[in-house]
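Chemist: First the structure, which I've put down as structure tokens, then a few questions once you've had a look.
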């Protein structure tokens with residue numbers, strides 16, 4: 001067994017395809033197959049179900065892959081220690097971000113990180129919260145940005161900033177005439193919400209008035225921009241997190257209405273594994289996210305960031 005075989009194993013798990021994994025690690029497909037087969041023979045187990053498409057690890061294969069990631073991380077830790085503190089701010093950094101944050105926060109946050117840490121190789125994945133948590137536990141991700149408070153063994157959570165929800169209302173809806181809207185006045189049957197599986201959907205449902213009637217159109221979407229277009233073209237209203245208005249064109253902001261009394265909103269959190277190799281990077285990322293929210297709050301956007309945890 002050698003470190004290259006462990007790297008091949010991890011690449012195959014992430015690609016779930018022999019040809020793509022081989023290209024990623026600069027091998028031919030037969031050569032990669034031979035290396036994985038040798039590793040299986042040494043361990044005395046089958047690591048992948050080869051007849052499944054896409055490829056899937058076996059139950060024991062999943063455990064071996066998790067351990068392989070840990071071994072490779074410790075090797076990188078040794079290299080970083082040898083290079084000094086700056087060694088931790090070089091090489092790959094894998095970040096998971098929920099879909100209702102990614103398109104609004106990342107365009108402002110990533111340039112800051114690239115300037116501060118030019119040696120980092122940033123890899124960002126847009127994933128739902130459960131997938132981010134699983135990725136952290138398995139070692140596929142170094143950190144995540146989520147909007148629900150999660151508790152799981154081996155993970156640490158840092159609150160970054162609080163953001164309010166705002167209503168985005170069609171001019172044809174009766175609530176458009178209001179300067180502010182009470183959450184319990186928002187009829188759920190008129191409200192466009194995200195599909196099941198998105199934490200923002202549950203936060204919106206908790207804020208709105210329970211449904212009194214049936215929807216004329218039921219639509220399942222995972223994209224806030226689609227909900228905005230539905231309000232504009234079909235009618236009704238939707239709720240948006242405050243980050244979503246950072247990129248909203250000025251003419252569209254006439255559709256926004258604050259909620260009064262205020263309170264409906266969410267907290268954005270940084271989440272990472274305890275003792276992770278890239279923990280210093282993740283914490284700096286959190287500081288940048290908090291500073292960004294503070295700058296927007298001072299310019300009239302966003303709520304006050306939370307103090308460092």
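Chemist: Provide the gained length on full extension for the span residue 247 to residue 115, in nm with one decimal, where the gain is 0.36 nm per separating residue minus the Cα-Cα distance.
Modeler: Working: separation 132, 0.36 × 132 = 47.52 nm, distance 2.17 nm.
Roughly 45.4 nm would be gained on extension.
Chemist: Within 10 Å, count the other beta carbons around each residue, average over each peptide in 251-261, 88-98, and list them highest first. Numbers along the way, then the final one.
Modeler: Working: 251-261: 14.0, 88-98: 20.5.
Result, highest mean first: 88-98, 251-261.
Chemist: Okay, next question. In what sequence, highest mean first, do 160-169, 282-291, 61-70 appear when ranked by Cβ atoms within 10 angstrom?
Modeler: Highest to lowest by the protection proxy: 160-169, 282-291, 61-70.
Chemist: Still on this structure, I have one more. Measure of size requested: the Rg and Dmax of the stretch 53-111, with Cα atoms as the atom set and Å as the unit; please supply both.
Modeler: Taking only Cα atoms of the stretch 53-111, I get Rg and Dmax of 16.5, 43 Å.
Chemist: Averaged across orientations, what area in nm² does the convex hull of the alpha carbons in the chain project? Show your work: numbers first, answer last.
Modeler: Details: hull surface 76.0 nm².
Orientation-averaged projected area of the Cα hull: 19.0 nm².
Chemist: I'd like the Kirkwood hydrodynamic radius of the stretch 3-64, using the inverse of the mean 1/r over distinct C-alpha pairs, in Å. Numbers along the way, then the final one.
Modeler: Numbers: mean 1/r = 0.0882 Å⁻¹.
The answer is 11.3 Å.
Chemist: How far, in nm, would the chain grow between residue 71 and residue 229 when pulled straight, counting 0.36 nm per residue and subtracting the alpha carbon separation?
Modeler: Values: separation 158, 0.36 × 158 = 56.88 nm, distance 4.74 nm.
Here the answer is 52.1 nm.
Chemist: Run the quick spin-label model on residue 188 and residue 83: label points 7 Å from Cα toward the beta carbon, then report their separation in nm to one decimal.
Modeler: Roughly 5.1 nm, to one decimal.
Chemist: Over all alpha-carbon pairs in the stretch 68-171, figure out the percentage whose distance exceeds 19 Å.
Modeler: For the stretch 68-171, the fraction of Cα-Cα distances above 19 Å is 54 percent.
Chemist: Give me 170, 123 sorted ascending by neighbouring Cβ count inside 10 Å, so fewest comes first. Display every interim value, and only then the final one.
Modeler: Working: 170 19, 123 12.
By the 10 Å Cβ count, ascending, the order reads 123, 170.
Chemist: With the Cα gyration tensor of the stretch 162-265 in hand, convert its eigenvalues to equivalent ellipsoid semi-axes via √(5λ) and list them largest first in whole Å. Provide the component values of the computation, followed by the final result.
Modeler: On the way: eigenvalues 58, 47, 47 Å².
So the equivalent ellipsoid measures 17, 15, 15 Å along its semi-axes.
Chemist: Under a point spin-label approximation (7 Å from Cα along Cα-to-Cβ), what is the residue 151-residue 206 distance to one decimal in nm?
Modeler: Rounded to a tenth, the inter-label distance reads 1.5 nm.
Chemist: Per DSSP H run of n ≥ 4, the term is -39500 (n - 2.57); total these for the chain, divide by its residue number, and report the mean residue ellipticity at 222 nm rounded to 500 deg cm²/dmol.
Modeler: Values: 9 runs with 124 residues, N = 309.
Helix-only estimate at 222 nm: -13000 deg cm²/dmol.
Chemist: Under a point spin-label approximation (7 Å from Cα along Cα-to-Cβ), what is the residue 58-residue 3 distance to one decimal in nm?
Modeler: Here the answer is 2.8 nm between the modelled labels.
Since every read-out is calculated from the coordinates, none of them should be taken as a lab result. What you see is a predicted model, and the numbers here were worked out from it, not measured in a lab. Glycine also receives a Cβ, built like all others from the backbone with ideal geometry; neighbour counts cover every protein chain displayed.
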